[in-house]
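Here is the structure we will look at.
Values in this text are rule-based calculations from the coordinates and carry no lab data. All values derive from a computational prediction rather than experimental measurement.
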Amino acid sequence: MPLVGTAIWLTGLPSSGKTTTAIALTAALKERGIRVECLDGDELRREVGQELGFGKEDRLETIRRAVYISKLLNRNGVTTIISMIAPYMEMRNYARAELESYVEVYLHCPLAECERRDVKGLYAKARKGEIAGFTGVSDVYEPPVNPEITIHTLTNSVESNVRQILDFLVNDLDKKTEP
């Protein structure tokens, strides 16, 4: 499994299962002896982006910082799992261009289900106008056109989704590195 220095980007609407999947995938890779770090969007904002808001330019800066951190880890042999909405294609295209080994995983989940799962109540606040620029409500989410993997978090279990990602990493990445 040629995962040394790979960046695995999990994208999807808020509450689509990115963090849950990232945590489970991180554990599965660690069990296989792979050096891995999970870069979660909420944690990154709290630790290295407190001054940034949710306008497009600030979101782009958040992505730039995540890509930079991932690049540092990747070049030192650490696989990264980046769990960030990255709502605009431009953001994910930037990450793909900057990160040498990049795998985009789209967590497809209907908006109604994301709203149902929302433990923080952010969708409800956005619907009331209390949160401006909320992805999926008052701001756009541009779904990936050609992600390496699409997982359906409405119908599949976390374990099934992790297995699908691992299968891709083993089978498809191995094919790309064959002589």
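Of note:
- Span from the segment 7-44 Cα centroid across to the segment 86-110 one, whole angstrom: 14
- Contact order for the chain, expressed relative to its length and based on alpha carbon pairs under 8 Å spaced 6+ residues apart, stands at 35 percent.
- Computed helical MRE - 222 nm, the chain, DSSP H runs ≥ 4 contributing -39500 (n - 2.57), nearest 500: -15000 deg cm²/dmol
- Rg of the Cα atoms in the chain, relative to 2.2 N^0.38 Å, amounts to 1.00.
- Cα-Cα over 31 Å, subset of K71/K128; K30/K120; K18/K56; K56/K128; K30/K56: K71/K128; K30/K56
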